[in-house]
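Participant: Can you read through this structure? Questions will come right after.
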Amino acid sequence: MNAITPPGMGEVREVLPGLLWVRMDLPFPPKNVNLWLLEDGEGWLAIDSGVQEDHCRAAWERIFETALAGKPITRVLVTHFHLDHVGLAGWLCEKWNAPLLMTRTEFLQSRLFLLDDDGALLEQFRAVTREAGAPGEYDRHLDERGQIYRPSVAPLPTRFTRIAAGDRLTIGGREWEVIVGRGHAPAMATLYCAELKLLIAADQILPRISPYIGVSVAEPDGDPLGEFLAANEQYRRLPEDTYVLPSHGEPFTGLHARIDALAEHHAERLSMLEEACKGEGLTAFGAALVLFPHVKAVSQMGFMVGESLAHLNRLVTLGRVMRLPGEDGLPRYRTLS
Ligand SMILES: [Zn+2]
């Protein structure tokens with residue numbers, strides 16, 4: 001398939017007849033998110049929704065008037081709970097009286113963040129970064145910044161339609177298989193259409209960057225990197241010339257090579273950390289500075305620690321690094337020799 005020029009903010013490009021690519025700007029990296037519209041009989045199925053901001057709502061309003069050829073949105077499918085994907089889903093569902101399709105875990109996670117007490121949620125973040133040995137300025141940054149999830153996400157409907165691994169959805173007369181990705185989010189829905197050899201990959205497999213793989217603050221001892229790498233293996237059975245539509249960046253072919261590259265990237269990062277954890281061992285923040293030597297912004301510290309813990313926990317799971325209490329009470333990660 002020929003390369004398609006990416007749409008600008010709120011613009012629409014046709015990938016195939018009945019499959020539209022929409023792009024919305026984000027107020028944070030990675031700068032924009034791709035959304036998809038699949039023609040579905042008398043209406044359209046929207047995949048993901050952008051963040052709850054006026055410019056995204058205005059872009060949707062323009063799309064309703066122009067690109068949808070007078071047809072309504074009849075279903076809203078959200079790939080995962082992150083705010084750039086779920087942000088306007090509740091608004092879309094209410095506006096069109098459309099059902100919300102999500103995996104159960106992603107729906108519950110989103111609802112939980114929307115209902116959680118702000119102070120308790122921030123304290124949960126602080127506790128993880130503090131235990132990692134991050135400087136106190138990150139605590140102050142969190143206090144100033146506050147909660148970012150709820151302001152960016154419109155209230156979700158209280159009921160949803162569950163989609164699960166292996167489900168076959170009929171959309172526009174074609175069959176789409178639900179393949180559940182893991183690691184970046186707990187149970188991310190991706191969709192594969194064998195007839196079109198087309199994968200809507202969400203954030204599971206991105207073309208240039210590795211998706212962010214960090215621990216959840218509710219599960220700081222988890223192994224999301226192990227989950228991510230294992231989940232990616234599911235996509236090897238899809239044909240090599242599958243056309244991949246990612247949520248960030250441009251559509252691409254070369255799925256298997258991309259899976260290899262992601263595995264290699266993380267294997268290198270793991271070896272680098274294993275080396276750095278020799279001798280005295282490191283705190284999780286110390287390990288974050290090894291992984292991200294050039295990142296200085298306080299606002300990025302939470303992501304750095306999340307990703308550092310994901311790699312350290314993978315090494316612990318593999319028996320390559322041990323987690324020990326340090327003299328200052330903070331855990332140290334030390335390479336077994
Ligand atoms: Zn995303």
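Participant: In the set ALA231, ALA194, ALA189, which member is buried (at least 23 other Cβ atoms within 10 Å of the Cβ) and at pLDDT 95 or above? So that I can check it myself, show each step before the final result.
Facilitator: Details: ALA231 fails: buried (at least 23 other Cβ atoms within 10 Å of the Cβ); ALA194 fails: buried (at least 23 other Cβ atoms within 10 Å of the Cβ).
Only one candidate passes the filter, namely ALA189.
Participant: Now a separate question. Considering each residue of segment 281-303, count those that are without any contact (Cβ under 8 Å) to a residue 24 or more places away in the chain and of a type outside the set (S, T, N, Q), and give that number. Can you show your working first?
Facilitator: Step one: list which residues in segment 281-303 are without any contact (Cβ under 8 Å) to a residue 24 or more places away in the chain, which gives 289-297, 300.
Retained after the next criterion (residues that are of a type outside the set (S, T, N, Q)): 289-297.
Number of matching residues: 9.
Participant: Cβ-Cβ below 7 Å, separation at least six or inter-chain, first residue in segment 249-266 and among the polar types (S, T, N, Q), second open to solvent by 60 Å² or more (accessible area, probe 1.4 Å) and assigned to a helix (DSSP H, G or I): which pairs?
Facilitator: Once the first residue is among the polar types (S, T, N, Q) and sits in segment 249-266, no partner that is open to solvent by 60 Å² or more (accessible area, probe 1.4 Å) and assigned to a helix (DSSP H, G or I) comes close enough.
Participant: Can you list the helices (runs of 4 or more DSSP H) found entirely within segment 117-209 that contain at least 2 residues being more than 16 Å from the ligand (Cβ to nearest atom) and hydrophobic (A, V, I, L, M, F, W, C)? Quick ask: steps written out before the conclusion?
Facilitator: Working: elements: 118-132, 137-145, 149-152.
The helices (runs of 4 or more DSSP H) meeting that bar are 118-132.
Participant: Here are some residues: SER299, SER271, SER247. Which one is loosely packed, with under 14 Cβ neighbours inside 10 Å, polar (S, T, N, Q) and either in contact with an Asp or Glu (Cβ under 6 Å, 6 or more places away or on another chain) or farther than 18 Å from LEU336 by Cα (or both)?
Facilitator: Numbers: SER271 fails: either in contact with an Asp or Glu (Cβ under 6 Å, 6 or more places away or on another chain) or farther than 18 Å from LEU336 by Cα (or both); SER247 fails: loosely packed, with under 14 Cβ neighbours inside 10 Å.
None of the other options fit; the residue is SER299.
Participant: With the requirement that a residue be within 19 Å of HIS265 (Cβ to Cβ) and surrounded by 19 or more Cβ atoms within 10 Å (Cβ to Cβ), what does segment 279-290 give you?
Facilitator: Result: ALA287, ALA288.
Participant: Output the residues belonging to segment 1-56 that are within 16 Å of the ligand (Cβ to nearest atom) and more than 25 Å from TYR149 (Cβ to Cβ).
Facilitator: Once the filter is applied, which keeps residues that are within 16 Å of the ligand (Cβ to nearest atom) and more than 25 Å from TYR149 (Cβ to Cβ), segment 1-56 yields PRO6, TRP21.
The values are calculated or read from the model by the stated rules, or taken from the named source; none is laboratory data. Predicted model only: the values in this text are computed from it and were never measured. No Cβ is skipped: glycine too gets one built from the backbone with ideal geometry, and neighbour counts run over all protein chains shown. Just so you know, the surface numbers come from the protein's heavy atoms only, side chains and all, with ligands and any DNA or RNA stripped out. Shrake-Rupley method; radii C 1.70, N 1.55, O 1.52, S 1.80 Å.
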